[in-house]
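Here's a structure for you.
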Amino acid sequence: KPIYVLNGPNLNLLGVREPEIYGHDTLSDIELRCLALLEGTGHGLVFRQSNHEGELVDWIQEARTQADALIINPAAYTHTSVALYDALKALSIPIIECHLSNPHAREPFRHHSYVSLAAKGVVAGFGSIGYELAVRAVLSLVK
Ligand code: DQA
């Protein structure tokens, strides 16, 4: 089954939005590099972004039966969304939380993550490479 990589609000602006924090790579650059890592592993890639909380909930529910693992950068919903947390709790596949920046080195309101309560592990602070680290982590977990 594929690996799902879900991205939350404003990440469609990656590469343009606050590049000093989030870097210059776009989300499609990241998608291509994840795809390259999965080549030959037997896992496909479902890579999506939404600015809408409910759409992310729908995709998490879809991943429950359609994915072997879920990598999620919930963006601002990390710090606010009980709905994403509840949806993630219904999954039995490995969940990896991924952030470009290190939220713990930023404003206090970014220090708490609802999503971490449901995640097997967290990758944060390494910029776009973090997604590749998350894919590698997933591959070692689902092997
Ligand atoms: C982010 C960190 C969040 O605090 C922020 O709201 C984002 C991006 C990251 O990838 O560093 O939108 O998830």
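The values are calculated or read from the model by the stated rules, or taken from the named source; none is laboratory data. Keep in mind that what you see is a predicted model, and the values were worked out from it rather than measured. Methodologically, a virtual Cβ is constructed for each residue, glycine included, from the backbone with ideal geometry; neighbour enumeration extends over all protein chains shown.
Pairs, please: C-beta under 6 Å, at least 6 apart or cross-chain, first residue among the polar types (S, T, N, Q) and in the range 99-123, second assigned to a loop (DSSP other than H, G, I, E, B) and near the ligand (Cβ under 9 Å from one of its atoms)?
Asn102/Gly125
In addition: Looking only at residues in the range 13-24 that are surrounded by 16 or more Cβ atoms within 10 Å (Cβ to Cβ) and within 12 Å of the ligand (Cβ to nearest atom), which one is nearest to His99 (Cα to Cα)?
Just the residues of the range 13-24 that are surrounded by 16 or more Cβ atoms within 10 Å (Cβ to Cβ), to begin with: 14-15, 22-23.
If we keep only those that are within 12 Å of the ligand (Cβ to nearest atom) too, we end up with 14, 22-23.
Numbers: Leu14: 12, Tyr22: 9, Gly23: 12 Å.
Here the residue is Tyr22.
While we're looking at this one, here's another question. Condition (residue is out of contact with any Pro (no Cβ under 9 Å at 6 or more places or on another chain) and modelled with pLDDT under 95) applied to the range 74-89: is it met by at least one residue?
Within the range 74-89, not a single residue is out of contact with any Pro (no Cβ under 9 Å at 6 or more places or on another chain) and modelled with pLDDT under 95.
Looking only at the range 67-113, which residues are more than 12 Å from the ligand (Cβ to nearest atom), farther than 19 Å from Val135 by Cβ and outside any helix (DSSP H, G or I)?
Scanning the range 67-113 gives Ala90, Ser92.
Further question: It is to be established whether one or more residues within the range 23-33 are without any contact (Cβ under 8 Å) to a residue 60 or more places away in the chain, of a type outside the set (A, V, I, L, M, F, W, C) and either touching a Gly at 6+ places or on another chain (Cβ under 6 Å) or on the phi > 0 side of the Ramachandran plot (or both). Give the derivation first.
If we filter the range 23-33 for residues that are without any contact (Cβ under 8 Å) to a residue 60 or more places away in the chain, which is where we start, we get 24, 26-28, 31-32.
Then drop every residue that is not of a type outside the set (A, V, I, L, M, F, W, C), which leaves 24, 26, 28, 31.
Checking the rest, the ones that are also either touching a Gly at 6+ places or on another chain (Cβ under 6 Å) or on the phi > 0 side of the Ramachandran plot (or both) come to 24, 26.
Looking for residues that are without any contact (Cβ under 8 Å) to a residue 60 or more places away in the chain, of a type outside the set (A, V, I, L, M, F, W, C) and either touching a Gly at 6+ places or on another chain (Cβ under 6 Å) or on the phi > 0 side of the Ramachandran plot (or both), one finds at least one in the range 23-33, hence yes.
What number goes with the only condition from (1) at pLDDT 95 or above; (2) surrounded by fewer than 18 Cβ atoms within 10 Å (Cβ to Cβ); (3) outside any helix (DSSP H, G or I) that Glu55 does not pass?
So the condition that Glu55 fails would be (3).
Results for (1) surrounded by 13 or more Cβ atoms within 10 Å (Cβ to Cβ); (2) at negative phi; (3) in contact with a Ser or Thr (Cβ under 6 Å, 6 or more places away or on another chain), shown as yes or no for each residue.
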| position | (1), (2), (3) |
| --- | --- |
| Gln66 | yes, yes, no |
| Ile71 | yes, yes, no |
| Ala76 | yes, yes, no |
| Asp86 | yes, yes, no |
| Ala90 | no, yes, no |
| Ile96 | yes, yes, no |
| His99 | yes, yes, no |
| Glu107 | no, yes, no |
| Val115 | yes, yes, yes |
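Which of the numbered conditions does Ala63 fail, given that it passes all the others? Conditions: (1) farther than 17 Å from Ser128 by Cβ; (2) assigned to a helix (DSSP H, G or I); (3) without any contact (Cβ under 8 Å) to a residue 40 or more places away in the chain.
(3)
Check Lys143 against each of (1) among the charged types (D, E, K, R); (2) at pLDDT 95 or above; (3) away from the ligand (no atom under 16 Å from the Cβ) and name the one condition it does not meet.
(2)
Moving to a separate point now. With respect to the numbered conditions (1) in contact (Cβ under 8 Å) with a residue 24 or more places away in the chain; (2) in a helix (DSSP H, G or I); (3) surrounded by fewer than 20 Cβ atoms within 10 Å (Cβ to Cβ); (4) within 11 Å of the ligand (Cβ to nearest atom), which one is the sole condition not fulfilled by Ala137?
In the conditions (1) in contact (Cβ under 8 Å) with a residue 24 or more places away in the chain; (2) in a helix (DSSP H, G or I); (3) surrounded by fewer than 20 Cβ atoms within 10 Å (Cβ to Cβ); (4) within 11 Å of the ligand (Cβ to nearest atom), Ala137 misses (4) alone.
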